[in-house]
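What follows is a single structure, written as structure tokens, with notes after it.
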Amino acid sequence: MTRNDKTDKIRVRFAPSPTGFIHVGNARTALFNWLLARQKGGVFVLRIEDTDLERSKPEYERNLIEDLRWLGLDWDEGPDVGGEFGPYRQSERLAIYHQHAQKLLEAGQAYYCFCSQEELEREREEALAKGRSPVYSGRCRNIPLEEARRRLNSGQQAAIRLKIPEEGLVRFSDLVRGEVEFDLKLIGDPIIVRSTGMPAYNFSVVIDDALMHITHVIRGEDHISNTPRQILLYQAFDWPLPVFAHLSMVMGQDNTRLSKRHGATSIDQFRREGVLPQALCNYLAFLGWSPPEGKEVLTLEELVSLFDLSRVNRAAAIFDYDKLYWLNRQHIKLLPRSKKLELALPYLREAGLVGDNIGPAEEQWLSQAVELLLEGVDKFSELPQKFSLIFDFNPEALDEEAKVIINTESARKVLKALVEKTSALSDFNYEVFARLTGEIKKETGIKGRDLYHPLRVMLTARASGLELDKFIPLIEEGARLKFPRPIKSSLERIREFASLLGIEPAGKPA
Ligand code: GLU
């Protein structure tokens, strides 16, 4: 068999083990494979490596398929879509592995190993004590196959090991890491099938990659030490090698492996936070790669056309949350209004700010509010907090900054003037506010920050937030609409604040 004898296409695969949620390192591996396949008109295969029966769970497989699809990746062959070289779940391929192990046994390239765990452990400790590397001694290497089969028939258990040369080097050229070599003395005959009958990872992965005609193996660098064992297997079967590309590990800012300590790490967490899939893909692509012209905000289509495996860097990829959230803000800006609302609603509902049924006027208002309040938001989960500017007005719980702003003589003058001028009003809007502010400025001589900051605090009970020319129209309109938590109008706010401060409009009895 020659590599790719079926087709000239590039064939890549993503081969996750369904033992947990898919995290950014694995998602980056999936993305790089997908980008290469899509750019070159190749084939992207999804293969589920579920031979670890204890840790693999069908729900993890479902989650990872959901996460990959959410990211915008699709595959041409896989457990859910089928394909010419299936099945695509390793647990359904056990007969194929056994058949191939038998071939190696018959050819004298593999042998049954009857050593018990205890014996192997003892051997390991002895080797370490003598300062030798703890490789398998090869004790069962020369047991004739006939004798081994008799022992198996009589009920003994055995693993199967690959017979590898005792000396020499395994060399390969890695697309990312360059020339790599391993000393065979440090390897020892690897187990290819365990005594339980389950294939070892190094064995099943080679059988599958070869039978699925994989041309490029792109995966995390944590697998680089497995690669010589895998190469020896390709050689044993006389199969051509795929191209290998090992991607550097994803680290936190402190240069340790990215983990929960650093923040969100699974795709599912980022999705729940309200990071857009296009922003996450954009950022994941930058973990070890950068486009030639330095443009940063890229769509999936742009990534497909720009991606270049030969530009992938071997240095550790540092995960920079700020950069991810910056990219997310840029991608949020590119969304149409209706999409922003659609993505915002689940968070607003969860926070109890909107109900299940929304009338058309409320929907229109929400769309405008989302548009305004999304400004500067890192991720959608921050929106309810932003909306509290509108839904929560609590002059009794001012923060220090707001307290300082209103506790000056000039601020009191301004507030009192606004209270006076609005006391007889029943209607309010931004034009009225602008006119009254002009009058207050003229009458008191107070202007700029000294004028506007106290007014902002009176209307919002906060020291900062939306510009008032945007805020006032929003709450005036919002106050007429139906929401689970009603929105207070400007006049209600001014009166509530005034009574708390003990400001009474002139002419009203104290
Ligand atoms: N199942 C392996 C993992 O999830 C895949 C390794 C490979 O790509 O060869 O790490």
| said: Can you divide the C-alpha Rg of the stretch 223-379 by 2.2 N^0.38 Å and report the result to two decimal places? | reply: 1.39
| remark: the stretch 380-443, convex hull of Cα, quarter of hull surface, nm² -> 6.1 nm²
| Separation between Cα centres of the stretch 386-430 and the stretch 77-109, rounded to whole Å | 72 Å
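Mind jotting down a quarter of the surface of the convex hull over the alpha carbons of the stretch 187-277, in square nanometres, one decimal?
Averaging across all directions leaves 8.9 nm² for the Cα convex hull.
With a ≥ b ≥ c taken as the square roots of the eigenvalues of the C-alpha gyration tensor of the stretch 453-510, please select rounded if a/c is under 1.5 and otherwise prolate if a/b is larger than b/c or oblate if it is not?
Judged from the Cα gyration tensor, the stretch 453-510 comes out oblate (a/c at least 1.5, b/c at or above a/b).
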| message | Run the lone-cysteine check on the chain: no other Cys C-beta under 4.7 Å from the residue's C-beta. | response | C115, C281
| message | Quick check: net charge around Q253, other residues with Cβ under 14 Å of its Cβ, Lys/Arg +1 and Asp/Glu -1? | response | 0
| note | Rounded to the angstrom and largest first, Cα extents along the principal axes for the chain equal 112, 51, 43
| Ratio of the stretch 324-427's C-alpha Rg to 2.2 N^0.38 Å, to two decimals? | 1.39
| task | Count the net charge of all other residues whose Cβ sits under 9 Å from the Cβ of K185, scoring Lys and Arg as +1 and Asp and Glu as -1. | result | -3
| task | For an R0 of 45 angstrom, estimate the FRET efficiency from the Cβ-Cβ distance between S381 and E121 and round to the nearest 0.05. | result | 0.40
| request: Give me the distance in nm between label points sitting 7 Å out from Cα along the Cα-to-Cβ direction at S367 and K442, one decimal. | output: 4.0 nm
| remark: Given backbone amide H placed at 1.01 Å from N, residues whose amide H is under 5 Å from that of V243, ignoring those fewer than 5 places away on the same chain, are H216, V217
| request: Return the FRET efficiency for the residue pair E106, R151: r is the Cβ-Cβ distance, R0 is 25 Å, and the value is rounded to the nearest 0.05. | output: 0.90
| field | Cα-based equivalent ellipsoid, the stretch 54-165: semi-axes from gyration tensor eigenvalues, Å | value | 37, 21, 13
| Using the reciprocal of the averaged 1/r over all distinct C-alpha pairs, how large is the Kirkwood radius of the stretch 66-108 in Å? | 12.5 Å
| note | Note: the stretch 377-485 at 10 °C, 1.306 mPa s; Kirkwood Rh on alpha carbon pairs; Stokes-Einstein D in µm²/s works out to 106 µm²/s
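If a/c stays under 1.5 just call it rounded; otherwise compare a/b with b/c (prolate if a/b is bigger, oblate if not). Do that for the stretch 1-92, with a ≥ b ≥ c from the square roots of the Cα gyration tensor eigenvalues.
Here the stretch 1-92 falls in the oblate category.
Taken together, the values in this text are just the output of simple stated rules run on the coordinates, not laboratory data. All values reported here derive from a predicted model rather than from experimental measurement. Using ideal geometry, Cβ is built from the backbone for each residue, glycine included, and neighbour counts are taken over all protein chains shown.
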